[in-house]
Amino acid sequence: MLSKGRTGAIMLALPLIAFILVTFVAPLGSMFMRSLYDPLVADIMPETVAALEEWDGTGLPPEQVYALAARELDRAREEKTIGKLATRLNRDTSGLRSVIMRTGRGLKRAGVPPDKWGQSKNSDEFLTLTPGLHQNFYSDPLNFLADINPAWKEPAIWQALARTGARVTPVYYLNAVDLTFGSGGEITRQPEDRRIYTALFIKTIRVSLTITLLCLAIGYPVAYLIAHSPPRLGRLLLVLVLVPFWTSLLVRTTSWIVLLQQQGVVNDLLVWLGLIPDEQRLTMIHNMTGTLVAMTHVLLPFMILPLFSVMRGIPAVQMQAAMSLGASWPRAFCRVYLPQSLPGVGAGCLLVFILAIGYYITPALVGGQSGQLISNFIAYHIQTSLNWGLAAALGCVLFVAVLLLFLLYDRVLGLDRMKLG
C-alpha cells in the first residue's frame, strides 16, 4: 500500500507524466512506427502481394499473378487509390508512377469493371468491351498488360511490387543510409547519384560540432565578463544576451540576409574601409558561411547562460589566492578557474549541439543549396514529397545518432558533472 504522501506526490506528477506521454513519447512512437510499417501496397493489392510471396524474385512471376494485378489495379482505379499506389511504387523504383497510371487508363479504356474479371474467357461482352487491346486476356494476361504498357514484361516492376508489398519493411532505413535491395533481394548501395543522406548526416554532425565550438569560443569570455563585472554592468550585459530571446527567430535570421548579402551592410563596410574592391564583394549568404554565422548567433545565448550560471558561483578570491602564491594569471586560470567552469562548458556544449543538429529554419533561409542540413530534407519529405516513411526513418537515424553521442558524452565526461546553475 502506498502511503498518503506518496499517493499525493503521484497525483501531483500525473499532469507532467501525461504531458510527457502526449508531447514526447507518443510522437516518437508514431515516428518509429511510420519508419517501419507501410501497409499501402498490401491494402490496395492484397491478392497480388500474397501471390508474389511465393515468387523467388528471378525472371517473371507465376502466370496467375498477372490477372490478379490487372483486376486489383482496375479496382484501385475505380476506388481512386491508384495515384497513391503509383506514388509509393515510384519511391521504390523511379519511373513506375507513369507505368501504373498509364495502365489504369488502359484498363479504363478496356471498359471491364472489376466484377467482370471473373467471367468466361469466351464471353461476348468481354470481347466487345476491349477494343484495341489484347482480346485473349484469360489465356495470356501478361500480354494483355504488356499491350497497355510493355514495362509489365520487365521483372523490375514485379520485384518492386514484391518489395513494397510487405507491411513491415526496412526499406526506409536502407534508403536513409543510402542502401537498397538489389534485383536478387540482397542489400546493396544506392547508385552514386542517389547517395545523399549518409553525406548529409556526416555534414550535419560536423556543422553542429563547428557551431558548438564557435559558440564556446565566443560565449566563454562573454560569460566570464558578465560573471565578474560590477553588478550594474553585469545586469546590463545579461540583458543584451537575453534580447535575442525576445525577438522572433525569423526576424533574427532574415536580418542576417540583409547584413551578409553582396550588397549588404558587411560588404559595404568592407568596401568603404578599402579591405576589398567593389567588384570583388564576398559571397556570405546562401552558402555554408551564412549557415554558420546565423546559427552561431541564434544559439550563442544557450552557451552563455549555462556558463554564466556556473561562473557566478566560483569565488573570485580563489584566483587571487593562486596568484598571491606565485602563479601567473594564465596558470591560475587553467589550474583553478577552468576546472570549476567545466560543468557549465559541458551543459552549454550539449545544449547547443542538440539544438544545432535539429535546426532547419535558419539553414533553409540562409544556407542555400550548400548550407542545407539533414533536417531540411526531413522537412522536405514531410511537407513536399509526402514521403513520411523516409522522413520518419531519417528522423529515427538522427535520434539514434544524438542518443549515441549523448551516451558517449556521459561515458567520457559524466552527466553528474553537468550543471545548469
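The values are calculated or read from the model by the stated rules, or taken from the named source; none is laboratory data. Everything numeric in this text was worked out from a predicted model, so none of it was measured. Using ideal geometry, Cβ is built from the backbone for each residue, glycine included, and neighbour counts are taken over all protein chains shown. Please note that ligands, DNA and RNA were not included when accessible areas were found on the heavy atoms of the full protein model with its side chains. Shrake-Rupley method; radii C 1.70, N 1.55, O 1.52, S 1.80 Å.
Points to keep in mind about this one:
- In the condition set (1) more than 28 Å from the chain's Cα centre (by Cα); (2) under 30 Å from LEU342 (Cα atoms); (3) not charged (D, E, K, R), MET288 is compliant with all but (1).
- Listed here are the helices (runs of 4 or more DSSP H) enclosed by segment 297-415 that have at least 3 residues being open to solvent by 10 Å² or more (accessible area, probe 1.4 Å) and within 26 Å of PRO230 (Cα to Cα): 316-324, 329-332, 338-357.
- The requirement of being of a type in the set (A, V, I, L, M), at pLDDT 85 or above and over 30 Å from LEU89 (Cβ atoms) is satisfied by LEU216.
- Residues of segment 22-51 satisfying the condition of being more than 30 Å from GLN64 (Cα to Cα), at pLDDT 85 or above and open to solvent by 90 Å² or more (accessible area, probe 1.4 Å): VAL22, MET33, ARG34
- When residues of segment 22-47 are limited to those that are charged (D, E, K, R) and in a helix (DSSP H, G or I), the one farthest from PHE399 (Cα to Cα): GLU47
- Identity of the residue in segment 176-216, of a type in the set (Gly, Ala, Ser) and open to solvent by less than 70 Å² (accessible area, probe 1.4 Å), that ends up nearest to the chain's Cα centre (by Cα): ALA176
- Selected residue [surrounded by 16 or more Cβ atoms within 10 Å (Cβ to Cβ) and touching a Pro at 6+ places or on another chain (Cβ under 6 Å)] from TRP152, TRP158: TRP158
- Identity of the residue in segment 53-105, buried (at least 20 other Cβ atoms within 10 Å of the Cβ) and of a type in the set (Val, Ile, Thr), that ends up nearest to LEU386 (Cα to Cα): ILE82
- When restricted to residues that are assigned to a helix (DSSP H, G or I) and open to solvent by 40 Å² or more (accessible area, probe 1.4 Å), segment 163-175 contains 2.
- Summed over segment 218-251, the residues that are more than 10 Å from LEU300 (Cα to Cα), under 37 Å from the mean Cα position of the chain (by Cα) and small (Gly, Ala, Ser) give a count of 2.
- VAL251 being within 18 Å of PRO363 (Cα to Cα) and either touching a strand residue (DSSP E or B) at 6+ places or on another chain (Cβ under 6 Å) or open to solvent by 50 Å² or more (accessible area, probe 1.4 Å) (or both): yes
- Only one entry of GLY344, GLY358, GLY395 meets the criterion of being in contact with a Lys or Arg (Cβ under 7 Å, 6 or more places away or on another chain) and in contact (Cβ under 8 Å) with a residue 24 or more places away in the chain, and that entry is GLY344.
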